Amino acid sequence: MRVKYIVSCSIMLTICVFTKFFGYSYSTSSAKVNQPDIADARKLAESDFYKDLNFANELLPIGDKHIEVKMRKALKANSYSSMQTLKLHQRAEIWFPIIEPILKRYGIPEDFKYVPLIESGMERGQYSSKGAAGLWQFMPQTARDYGLTVNENVDERLNVRLATVAAARYIRDLHKQFNSWTLTAAAYNGGEGRMRRKIAQQNQDDYFKLDLNHETGKYVYSLISMKEIIEHPEDYGYKIQNARKLLAYKN
């Protein structure tokens, strides 16, 4: 009798352990974004979709291996940092509906909505060590130049609507100087004065051929990769099971 009791208890314990294990596995996998498998990584390396990649309808030059390698690295970096990218999708879902109509009102290509994803991770309360703040990471003086109040009591860089209006006006002015949306994006990141000097020193006005510092040199690649992964998440290995789908915006 005692043996039967022990056997019964052992069976029940085994069932409980398996139930807990499989239940936990299911709930965890359903809440996470799966990592891209080997096939997905191979797709990034071998497919020809690079020829259609663009920022603000300015195409990524194809045929230059150096450019393709930089683009591939940017796409892989965002593909494999899945949980962080998922957070960015969720923040984009909140702020894009506010940002998009403001950019349109000022004649700015919609692709510039990806700038805050790169600049601040789409966190409106973000401050940098250099003093930039908000979604658009305005420096204090630039913010004031474009109509934002920045003082001890008020910092309108943290107001998404007002900061986006200021950013749209600033981007419009940059484009008047550089007459290229990729150069405009680079100047937004690295500063208009520095960008003018680089263009003059190198006698080159193609962003993809300029020799720039590391951050600005990869900036447009980062924007293109974020655009691709936000708009076509499944192409880059993201699969959601029984959870909120990744955001995919239609242009």
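Before moving on, here are some points about what is shown:
- Arg124 meets the conditions (1) of a type outside the set (A, V, I, L, M, F, W, C); (2) at pLDDT below 95; (3) assigned to a helix (DSSP H, G or I) in every case but one. The failed one is (3).
- Answer from Lys130, Lys73, Lys87 - the residue that is assigned to a loop (DSSP other than H, G, I, E, B), out of contact with any strand residue (DSSP E or B) (no Cβ under 9 Å at 6 or more places or on another chain), assigned by TED's automatic domain parsing to the domain that holds Ala56 and modelled with pLDDT under 95: Lys130
- Some residue of the stretch 156-169 being without any contact (Cβ under 8 Å) to a residue 24 or more places away in the chain, charged (D, E, K, R), out of contact with any His (no Cβ under 6 Å at 6 or more places or on another chain) and farther than 30 Å from Pro61 by Cβ: yes
- Taken over the stretch 91-128, residues that are at positive phi and in contact with a Leu (Cβ under 8 Å, 6 or more places away or on another chain) amount to 2.
The values are calculated or read from the model by the stated rules, or taken from the named source; none is laboratory data. Quick caveat, the model's predicted, so the values are computed rather than measured. No Cβ is skipped: glycine too gets one built from the backbone with ideal geometry, and neighbour counts run over all protein chains shown.
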